[in-house]
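The values are calculated or read from the model by the stated rules, or taken from the named source; none is laboratory data. These numbers come from a predicted model, not from an experiment. Here the Cβ positions follow ideal geometry from the backbone for every residue, glycine too, while neighbour counts run over all protein chains shown.
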Amino acid sequence: MSAPEFERAWAVADQVEGWLSREQARLLFERAAALAPRATIVEIGSFRGRSTIVLALAAPAGASVLAIDPHAGGDRGPRELAAEPARGRADLEAFEANLAAAGVRQRVVHLRLSSARALAPVTRPIDLLYVDGAHRPGPALHDITRYGALVAPGGVMLVHDAFSSVGVTAAILARLLGSAQFAYAGRVRSLAEYRRALGPRLPASVRARGAVAQLAQLPWFAGNVAIKLALVAGRPALARALGLPAGDPWPY
């Protein structure tokens with residue numbers, strides 16, 4: 001898919017509140033656009049539809065785009081973890097309105113469920129999995145493990161807040177470091193890419209290289225944790241000095 005098509009998609013998605021950066025949106029767009037017709041895309045964590053719109057606009061004709069988000073008003077940001085019904089209703093209304101304005105509402109099946117409860121309806125192999133749900137260690141490990149097991153051979157799993165969120169990074173190290181099924185392909189800021197093996201197991205050499213490459217991200221992870229501590233302490237100037245990009249409220 002051409003650069004102008006991405007630019008048109010980003011012009012729409014960039015109007016929607018969310019944490020997906022332009023560079024990360026491009027990676028999502030490219031991976032969705034490369035899928036075959038009738039492919040299955042699953043997104044865990046939709047918020048107000050920023051990433052959903054990117055995926056739906058890039059997906060080939062006939063592809064299935066499944067967006068999973070309970071819209072309960074919790075797990076929607078670094079300081080908004082607890083559920084809040086009014087916030088959840090506002091997020092759901094914005095999600096529906098944003099998808100409609102982008103012209104993709106009919107392309108997206110939305111499951112207003114937690115990822116744990118939404119697992120049963122996912123009956124087809126997943127060609128592209130985007131994980132950006134609850135960032136606490138337990139839910140993050142669940143999403144990477146249980147949904148990752150449904151990714152088709154050769155399929156792609158993209159994990160947001162990798163090597164940035166403590167919970168997501170802990171889940172990655174527990175499940176994907178040296179994985180026999182998923183090869184680490186790199187990251188765009190905090191969006192890490194993994195590819196499912198075509199066969200039953202990755203070669204030992206690929207697993208070793210992937211483990212080393214992921215461990216090499218830990219200094220960047222430590223820097224992100226330091227930036228977050230500075231922000232929580234009310235020291236934005238220190239956060240900038242530690243590497244927080246100008247204009248970003250949080251390291252993504």
Next item on the list: Within region 186-200, work out how many residues are over 15 Å from the mean Cα position of the chain (by Cα) and modelled with pLDDT of 95 or more.
Entry: 3
Notebook entry, point to check: Which residues, taken from region 210-231, are free of Cβ contacts under 8 Å to residues at least 12 places away in the same chain and either loosely packed, with under 12 Cβ neighbours inside 10 Å or under 30 Å from residue 151 (Cβ atoms) (or both)?
Noted result: 212, 216, 219, 222
Item checked: Residue match in region 72-83 (condition: farther than 22 Å from residue 128 by Cα and either assigned by TED's automatic domain parsing to the domain that holds residue 248 or modelled with pLDDT of 95 or more (or both)) -> no
Check: So which of 146, 136, 209 ends up being of a type in the set (Lys, Arg) and modelled with pLDDT under 95?
Finding: 136
Next item on the list: For region 195-204, state whether one or more residues are under 15 Å from residue 161 (Cβ atoms) and crowded, with 18+ Cβ neighbours inside 10 Å.
Entry: no
